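Accompanying notes for the structure given below.
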Amino acid sequence: MNGPVAYLVTTLGCLIGVAGVVVAVVAVRKGRTAARPAAPVDPFRDTDSDALRGDPRRLKPGDIVEIRRVSYAVRGSVHLNEGGWSWAEHLLDTVEGDKRWLSVEEDPDLELVLWTAEPAATITPGASTLDFAGRRYASEESGQACFTATGSTGLDPSGTLRYHDYRAQGGERLSFEAYGQAGWEVARGEQLHRADVMVYPQAGPEAS
């Protein structure tokens, strides 16, 4: 499937998903009373860490997150969905203006990756292996997802994303992302330990 056709198919999928939500809301407003099944609970989820260090799964714009003793403000959040699989990426900013991205995913365990943009990179995805900055990365996964964005991300409120992820020995990541019809953006990622991250939720309209 070529790029434009794949983009149209993904966009149509997003629109169908939105239409489904609208239909569901209308059904509820008409008095539908069927009980909604509870979401499955991971019996091995580390709730003690969430209680002590905050829950990265609930990060939102305006929160403060400390990563290895460096404090960042969450400027914006992008929530992505691909075939029912979801994850989030949060734009972080320090007082000095150092911008990073933090991805949060359960696969099934919680996975936190801190990303640094590589705007000067000229490589493109597609090959089974790529050499970059002295390391060799192997293709891990690729696909297309729908996204919604909140806060200050520089993105449209919703749209589609193409991605291709690579991994090197030792776990270092290399990611390619293209929002809508834009070109590829390259970033290197470092997987974090749960203890590396402390979340400080801030009061606001979205606070629970």
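The values are calculated or read from the model by the stated rules, or taken from the named source; none is laboratory data. This one's a predicted model, so the numbers in the text were calculated from it and none came from an experiment. Here Cβ is always computed from backbone atoms with ideal geometry, including for glycine, and neighbour counts include all displayed protein chains. Remember, those area values only see protein heavy atoms, side chains included, never the ligands or the DNA or RNA. Shrake-Rupley method; radii C 1.70, N 1.55, O 1.52, S 1.80 Å.
The figures follow:
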| quantity | calculated |
| --- | --- |
| Residue within the stretch 167-185 that is farther than 23 Å from R68 by Cα, among the polar types (S, T, N, Q), open to solvent by 40 Å² or more (accessible area, probe 1.4 Å) and touching a residue at least 24 places away in the same chain (Cβ under 8 Å) present | yes |
| Filter pass, Y72 being more than 20 Å from W184 (Cα to Cα), surrounded by 13 or more Cβ atoms within 10 Å (Cβ to Cβ) and at pLDDT 95 or above | yes |
| Matching residues, the stretch 128-166, being outside any loop (DSSP other than H, G, I, E, B), among the β-branched types (V, I, T) and open to solvent by less than 50 Å² (accessible area, probe 1.4 Å) | T160 |
| Members of the stretch 193-208 that are of a type in the set (S, T, Y) and either at pLDDT below 95 or more than 13 Å from A73 (Cα to Cα) (or both) | S208 |
| Single condition R36 does not satisfy, out of (1) under 21 Å from the mean Cα position of the chain (by Cα); (2) modelled with pLDDT under 95 | (1) |
| In the stretch 86-127, the residues that are touching a residue at least 60 places away in the same chain (Cβ under 8 Å), open to solvent by 60 Å² or more (accessible area, probe 1.4 Å) and either assigned to a strand (DSSP E or B) or in contact with a helix residue (DSSP H, G or I) (Cβ under 8 Å, 6 or more places away or on another chain) (or both) | W101, E106, A117 |
